[in-house]
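In what follows, a single structure is set out as structure tokens and then discussed.
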């Protein structure tokens, strides 16, 4: 990555996490997607997908593995009624992969996870596309029926840092 967007080594808990983060950034750019990084000290990349922002976060899983969380906020400030929670549980059964979840008070997210060592470009992009599609499909419905604001309309990140360049991904193409 370029000098202006480099994360300090201490942000990463393990070498596997750091390598996975670099590989994901490189793979996204090689696929013609241009991730950005919020100006926070966390291993997170974001992409604009459909009408929303999809976050890709790399976290350690033991000392030699990482997991890749792909998520997006649908609604913020939503009252968490029993009716809404039942709706989210039922929809979890219907989505191809990923789950609806509550992140904080009144924040509805959709997320999926991949194991870092088996994550390919195709798998990552499939998950990013699914998270973006589900978020776009349900954010208005949830906000209109249960309240809160669509996260796409509320969130703004003025201090994003573009990811300039990264080493070639070590992943193989395909499934």
Checking residue 65 against (1) under 17 Å from the mean Cα position of the chain (by Cα); (2) modelled with pLDDT of 95 or more: exactly one of these is not met. Which one?
(1)
Within the stretch 22-61, tally of residues that are free of Cβ contacts under 8 Å to residues at least 40 places away in the same chain and over 17 Å from residue 111 (Cα atoms):
4
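For the condition crowded, with 17+ Cβ neighbours inside 10 Å and either within 30 Å of residue 147 (Cβ to Cβ) or touching a helix residue (DSSP H, G or I) at 6+ places or on another chain (Cβ under 6 Å) (or both), what is the one hit in 56, 24? Steps first, please.
Working: 24 fails: either within 30 Å of residue 147 (Cβ to Cβ) or touching a helix residue (DSSP H, G or I) at 6+ places or on another chain (Cβ under 6 Å) (or both).
Selected residue: 56, the only one of 56, 24 that is crowded, with 17+ Cβ neighbours inside 10 Å and either within 30 Å of residue 147 (Cβ to Cβ) or touching a helix residue (DSSP H, G or I) at 6+ places or on another chain (Cβ under 6 Å) (or both).
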Failed condition for residue 12, given (1) touching a strand residue (DSSP E or B) at 6+ places or on another chain (Cβ under 9 Å); (2) within 19 Å of residue 120 (Cβ to Cβ):
(2)
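What's the total number of residues in the stretch 27-36 that are surrounded by 21 or more Cβ atoms within 10 Å (Cβ to Cβ) and under 14 Å from the mean Cα position of the chain (by Cα)?
Initially, the stretch 27-36 is screened for residues surrounded by 21 or more Cβ atoms within 10 Å (Cβ to Cβ), giving 27-28, 35.
Now narrow it down to the ones that are under 14 Å from the mean Cα position of the chain (by Cα): 28, 35.
Summing the residues that are surrounded by 21 or more Cβ atoms within 10 Å (Cβ to Cβ) and under 14 Å from the mean Cα position of the chain (by Cα) in the stretch 27-36 gives 2.
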Pairing a residue in the stretch 94-107 that is within 15 Å of residue 128 (Cα to Cα) with any residue that is part of a loop (DSSP other than H, G, I, E, B), where Cβ atoms lie under 7 Å and the two sit 6 or more apart in sequence or on different chains, gives none
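The values are calculated or read from the model by the stated rules, or taken from the named source; none is laboratory data. Because the structure is a prediction, the values reported are computed rather than measured. Note that we place each Cβ from the backbone using ideal geometry, even for glycine, and neighbour counts take in every protein chain shown.
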